[in-house]
1. Of all residues in segment 1-59, which are touching a Gly at 6+ places or on another chain (Cβ under 9 Å) and touching a residue at least 60 places away in the same chain (Cβ under 8 Å)?
2. If I filter segment 22-40 down to residues being in a loop (DSSP other than H, G, I, E, B) and out of contact with any Leu (no Cβ under 6 Å at 6 or more places or on another chain), which single residue comes out as nearest to residue 11 (Cα to Cα)?
Amino acid sequence: MNDGDDFIANITQDVLKVLADKRFFEALDAQLCPVETPASRLVCDGTYAVSTAILSRLGFELQDTEEILEVLKSRGGCCDCEILFNVAEESRLKAEYWRRRAAGSDSEERSIGHKS
């Protein structure tokens, strides 16, 4: 582990608590898997574009956002949809994926939120 990895490991639990308190994961899920208006669903483009916009809206500065994204990446959140699959405790996007798999759609990609 290098110093950067140590730093990220040391702040991970606090960052995740702040994100939960600010309801970041719910806001991201609402963008990628909305309950009310599925037509307004944003599609993950393999980046953190949606997450970055939400973090900005929540008042996080650039330095904080960069550190938050490093924490999320360290937990397997390599893009917006993977944050919901790998970091969030619960998400509609993850539940939707597993419902489709249970219905026999074995060909579904894990990241159903990604653009083709």
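1. Within segment 1-59, the first condition is being touching a Gly at 6+ places or on another chain (Cβ under 9 Å), and the residues that meet it are 22, 32-33, 41-44, 48, 51.
Hits for segment 1-59 are 32, 33, 43, 44.
2. Result: 23.
Matching residues to (1) within 18 Å of residue 8 (Cβ to Cβ); (2) of a type outside the set (Ser, Thr, Tyr); (3) outside any helix (DSSP H, G or I); (4) modelled with pLDDT under 95:
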| residue | (1), (2), (3), (4) |
| --- | --- |
| 42 | no, yes, yes, yes |
| 54 | no, yes, no, no |
| 59 | no, yes, yes, no |
| 68 | yes, yes, no, no |
| 76 | yes, yes, yes, no |
| 85 | no, yes, no, no |
| 98 | no, yes, no, yes |
| 101 | no, yes, no, yes |
| 106 | no, yes, yes, yes |
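The values are calculated or read from the model by the stated rules, or taken from the named source; none is laboratory data. Bear in mind the structure is a predicted one, so any value in this text is a computation, not a measurement. All Cβ positions, glycine included, derive from the backbone under ideal geometry; neighbour counts span all protein chains shown.
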